[in-house]
1. Using R₀ = 45 Å, calculate the FRET efficiency as 1/(1 + (r/R₀)^6) where r is the Cβ-Cβ separation of F184 and L338; round to 0.05.
2. Along the charge dipole of the chain, which of I431, V547, W193 sits closest to the positive end, that is, farthest toward it, with unit charges on the beta carbon of Lys, Arg, Asp and Glu (+1, +1, -1, -1)?
3. Could you give the angle, 0 to 90 degrees to the nearest 10, between helix 550-564's Cα long axis and the longest principal axis of the Cα atoms of the chain?
4. Any idea what the dipole of region 483-559 comes to, in debye rounded to 20, about its Cα centre with Lys/Arg Cβ at +1 and Asp/Glu Cβ at -1?
5. Evaluate the charge dipole of the chain about its Cα centre and quote only its size in Debye, nearest 20, assuming +1 on the Cβ of each Lys and Arg and -1 on the Cβ of each Asp and Glu.
6. Taking the Cα centre as origin and putting +1 on Lys and Arg beta-carbons and -1 on Asp and Glu beta-carbons, what dipole magnitude results for region 176-298, to the nearest 20 debye?
7. Would you mind ranking S46, S208 so that the residue whose beta carbon has the fewest other beta carbons within 10 Å leads the list?
8. How large is the Rg to Rh ratio of region 407-608 when both quantities use alpha carbon positions and Rh follows Kirkwood?
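What follows is calculated from the coordinates using simple rules that are stated; it is not laboratory data. Fair warning: this is a prediction, and the values are worked out from it, not measured in the lab. Virtual Cβ from ideal backbone geometry, glycine too; neighbours counted across all protein chains shown.
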Amino acid sequence: MKKSAPRGRLSLHNLLPVVVAFLLVLHEIVAALPNLTTPLERLELSMRDTLMRLRGERPPNDQIVIVAIDDASFNLTGYQWPWPRAYLAEIIDWLNAAGARLIGLDIFLFEPDRDPAGDAALAAALERSPAVVTVAQIFRDDSQQMVTIKLPLPVYRPAVDGVGITVITRDDDAIVRGVRAVQFYGDDPYYNWAFEAAALVLQTEPPSDFTSTGLYFAGRRVPLSNATLLINYAGPAGAYPTYSAARLVLGDYPPDLFRDKIVLIGATTITLQDVYPTPFSAREQMPGVEIVANAIDTLLSGRFLRILPLWASLLILLSMALLASLLIRLRRPGLTLLLMGGSLALYLTAAYLVFARAGWYLPMTAPLLMLLLGVLLPTTEQAVSQEVEKRRVRNLFSRFVSPEMVDQLLETQDIRSLNKRAVLTILFSDIRGFTSLSEKLAPEEVVALLNPYLEVMTGVIHKHGGTVDKYEGDAIVAFFGEPVPYRDHALRAARAAVEMLTRLAELRRKWKADGLYTGRFEIGIGINSGEAFVGLIGSAQRINYTVIGDNVNLASRLQDLTKTYTWPIIVSESTARAIESEFEVEFIEAAPIKGKAEPVPIYKLLGRKGGAPLETANP
């Protein structure tokens, strides 16, 4: 009997990595299907983005510049979009005069200009350019099984040297990691205009031999991922020199900036909605014309990004499964976890180096999950009983102190470190007239009111990061700023106090609706901020985590004054100064306080700035 259990556990240990490996292999096969993105694939894409950000910016091609149709240009010209073609002709002529090597026009030339002479002027300007590339669009209507194409107007076709599609590929998470390499109209391929521009610069033939995994271009095989060219971004938006189109026409830039350059003209203003999130930043979006600039740079440099084929990814995954099986055979959990962590770190380092130096994306999500789950799942069974016991202690102890305090008590190595002098905020709360109230009600009725009240108020204090020091009958003593040293402890205490009044009003309405209690039930709260001793005080038989000191006594006195001044929340001057950015406070007076030689300035807390007034009256 004693031997059968270990054999059963060993069998389970051996089986779990196999099950995990089977599921992950199945996932990798399913994920390889086109037009399907799994949650793990989304995570894989994010990890690839992380690799690119860790690699950082790379030097961009200094031959590529952008002429931006930006907000400044709209403001300077006063033109609405689309701009007059005659004005575009002025831009092209200026670039021709400056000696631009190639002009890429990321502007649709599908519809005639309002002024027919404008089309003629722009076509003539393009004819004078050394090389010109512009864009086309192909639309597929699967419902009607129709494919349509939009090309530049006939007047422009003799003037341009290349026409390409302008499809920017968004992945399932909306991040742009590449551009569509080719689309077909009938049997005719239309390659992305990044390829058209690169072909003219390199003076080579257009791409050929297209498959979903690659095509032949400029004497080498260009890798593709599902017919998409993965872009090796130079950096976030703004990596390439960008010049405002209107300022260019005004002569604000020296022509030397554009001599022998690849000049891409396109919209950068978000008004035209041609901006996209990229691996470097989802917030600082990149204009579509700059995405194409990165794609051209990738083609010219030959620094392509590649994804391992499925068979290689599966081989890495199975190797991780084997490693996990070997690690769980070790009988020293500490050593097992150490080797697992080292293996994960080693693989991540290798993945980074392979990407940064060779442009290969090694699979990360599935192999790392394989190693993690393959090691951690078999050891979970051994830790279940310990975790159950830990949760039992946590739930029991959380009745008395805040969850943060429970965590710190469980994690601290030296319990004496909890004893200290600290600047914090103390909150005293008391039910007004509780003695007379308890005399009017039966004991069970008092308990039916007091227990829900204390439970709700304690929840509010814990919610704002406070620790309940103690209950003194109907009074609550709490403090903020320890054991978790929040800098905004005064604000947390004020927020808790205001919410306590709101929750009390809800309780009163509920008691009234239930017929439980319809009498007067109000509380007073005093708050003070200052230095106090906080720590564990008591005997071996009973110990309490509490605060003591003059500032604690002052908070208690402020609570007493809520009756004198008939206001539910009174705070000290130190607290008032700490919360005045968020709350309205009103100076009452410098009041004589028991135990204080000098009168103490006290303040009413009126409520949040711009918010509703305090719940001050009994309904």
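1. About 0.25, to the nearest 0.05.
2. Positive-end residue among those listed: V547.
3. 80 degrees
4. So the dipole magnitude of region 483-559 works out to roughly 320 debye.
5. 2740 debye
6. Charge dipole of region 176-298: 300 debye, to the nearest 20.
7. The fewest-first ordering by Cβ neighbours comes to S208, S46.
8. Taking Rh as the inverse mean 1/r over Cα pairs, Rg/Rh reads 0.98.
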